[in-house]
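As structure tokens, the structure follows; a few thoughts come after it.
The values are calculated or read from the model by the stated rules, or taken from the named source; none is laboratory data. This one's a predicted model, so the numbers in the text were calculated from it and none came from an experiment. Glycine also receives a Cβ, built like all others from the backbone with ideal geometry; neighbour counts cover every protein chain displayed. Side chains included, ligands, DNA and RNA excluded: accessible areas come from the protein's heavy atoms. Shrake-Rupley method; radii C 1.70, N 1.55, O 1.52, S 1.80 Å.
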Amino acid sequence: LVEKEDPIISEEEAAQYDRQIRLWGLDAQKRLRGSRVLLAGLGGLGAEVAKNLILAGVKGLTLLDHEQVSEESCRAQFLVPVTAQGQNRAQASLERAQNLNPMVEVHADSTRVEDKPDDFFLQFDAVCLTGCSRDLMVRVDQLCSQRNIKVFCGDVYGYYGYMFSNLGKEHNYVEEKPKLVKPTENSNDGPEAKKAKVDPNETTMVKKTASFCALKEALEVDWTTEKAKAAMKRTPVDYFLLHVLLKFRTDKGRDPDPQSFAEDSQLLKQIRDDVLEALAVSSDLLSDDFTSYCFSEMSPVCAVVGGVLGQEVVKALSQRDPPHRNFFFFDGRKGNGVVDYFGPN
């Protein structure tokens, strides 16, 4: 495994993170404790991710957001006080975020993520982007993957949510597996007795490696190839919906707004037609009613997607347990929450 400078866990930290250390081990907690994370976008999803990373015990978390607190953002964002309308979202989130865990260094940055130079992103071990444009996400992903910096992207649109992760061409991690017990050589109970058996009371740590594709590659699949056509059956429709919503954000510079529901719904349908035609896939993939479910951030969806996204960042930094590759999609309309997964690899 890739080893960093071994951070020291104090007695106070050992007590604070006792449950986590018992769950994934001291080495994993040390790796987490030595990691710095950038979180761009402090909407409802960003607040959930921030909470999960701070409670997990990263070394430092930088909250980056140039937007102001609005009435709309307060509905799904629990880190900003209701009295903070008009203030910068990162600054307004800082106090409550820091109070979650005083052992984590939490910083607020109120500048635009688009204006940040390349060197800014290279000071972190992981970068998590929410509410960002497609071009920015592709730029940061390409930049960070060259320096072995882990990249995560995510968003929530009404009932829909997604997460993307790129942990590089070679991500090393360990997975806990039940231990196989070899039979004794003098066993005379037949061939079945001579086979290795699983001991449920003992486990062993197995080192593994996973490979990830870049975001640009994941979004630019050629759906006219035979391999892609075969993969279509296991590709959730949410993947194509993501293309539509990212194109809306690029064209309008914002997400669909409930206050202009009628106008934005028509625009979404037009973008859908254009996007699906450009991807050379069936126009029937997204029925017209999709526009009724992709407005605003919904708190329950933020909680689910933020929980998964935060967990994936923790797993990646601690190098513990198998990660998702590469997309995670969530559709809150599917009763108790059905998770769809798609990976170009």
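Pairs meeting the criteria (first residue in the stretch 298-324 and outside the structural domain of Ala50 (by the TED database) and farther than 15 Å from Gly57 by Cβ, second residue assigned to a helix (DSSP H, G or I) and basic (Lys, Arg), beta carbons under 8 Å, at least 6 apart or on different chains) are lacking. May I ask you to verify whether Arg272 is in contact with a helix residue (DSSP H, G or I) (Cβ under 9 Å, 6 or more places away or on another chain), open to solvent by less than 60 Å² (accessible area, probe 1.4 Å), under 22 Å from Leu215 (Cα atoms) and outside the structural domain of Ser165 (by the TED database)? It is true that Arg272 is in contact with a helix residue (DSSP H, G or I) (Cβ under 9 Å, 6 or more places away or on another chain), open to solvent by less than 60 Å² (accessible area, probe 1.4 Å), under 22 Å from Leu215 (Cα atoms) and outside the structural domain of Ser165 (by the TED database). Note on the stretch 81-116: residues that are assigned to a helix (DSSP H, G or I), modelled with pLDDT under 95 and exposed (fewer than 15 other Cβ atoms within 10 Å of the Cβ) total 2.
For Gln77, are the conditions met, namely being open to solvent by 70 Å² or more (accessible area, probe 1.4 Å), in the same structural domain as Cys132 (by the TED database) and of a type outside the set (Gly, Ala, Ser)? Considered against the rule, which asks whether it is open to solvent by 70 Å² or more (accessible area, probe 1.4 Å), in the same structural domain as Cys132 (by the TED database) and of a type outside the set (Gly, Ala, Ser), Gln77 comes out as no.
The set of residues in the stretch 1-22 being open to solvent by 70 Å² or more (accessible area, probe 1.4 Å), of a type outside the set (Asp, Glu) and at pLDDT 75 or above consists of Ala15, Gln16, Arg19, Arg22.
Residues of the stretch 230-250 that are at pLDDT 95 or above and loosely packed, with under 13 Cβ neighbours inside 10 Å: Thr250 alone. Test Leu45 against the stated conditions and say whether it is buried (at least 18 other Cβ atoms within 10 Å of the Cβ) and outside any helix (DSSP H, G or I). So Leu45 fails the test.
With the structure loaded, tell me whether Leu279 is assigned by the TED database to the domain that holds Thr224, open to solvent by 20 Å² or more (accessible area, probe 1.4 Å) and within 29 Å of Ala214 (Cβ to Cβ) or whether it fails that test. It is true that Leu279 is assigned by the TED database to the domain that holds Thr224, open to solvent by 20 Å² or more (accessible area, probe 1.4 Å) and within 29 Å of Ala214 (Cβ to Cβ).
The residue pairs whose first member lies in the stretch 264-293 and is part of a helix (DSSP H, G or I), whose second member is aromatic (Phe, Trp, Tyr) and open to solvent by 60 Å² or more (accessible area, probe 1.4 Å), and whose beta carbons are closer than 8 Å, counting only pairs six or more residues apart or on different chains, are Tyr293/Tyr159. The residue that is farthest from Gln29 (Cα to Cα), among those in the stretch 298-311 that are buried (at least 24 other Cβ atoms within 10 Å of the Cβ) and within 13 Å of the chain's Cα centre (by Cα), is Cys302. For the stretch 54-73, a residue qualifies if it is surrounded by fewer than 21 Cβ atoms within 10 Å (Cβ to Cβ) and either more than 22 Å from Val301 (Cβ to Cβ) or of a type in the set (A, V, I, L, M, F, W, C) (or both), and the qualifying residues are Leu55, Lys59, Gly60, Thr62, His66, Gln68. Within the stretch 26-36, not a single residue is surrounded by fewer than 17 Cβ atoms within 10 Å (Cβ to Cβ), in a loop (DSSP other than H, G, I, E, B) and either out of contact with any Ser or Thr (no Cβ under 6 Å at 6 or more places or on another chain) or at pLDDT 90 or above (or both). Here the stretch 221-242 is the region considered, the condition is being within 24 Å of Gly131 (Cβ to Cβ) and not hydrophobic (A, V, I, L, M, F, W, C), and the residue that is farthest from the chain's Cα centre (by Cα) is Pro236.
Only one of the numbered conditions (1) open to solvent by less than 10 Å² (accessible area, probe 1.4 Å); (2) under 16 Å from the mean Cα position of the chain (by Cα) is not met by Lys51, and that is (1).
Restricting the search to the stretch 117-145, which residues are among the charged types (D, E, K, R) and open to solvent by less than 30 Å² (accessible area, probe 1.4 Å)? Passing the criteria: only Asp141.
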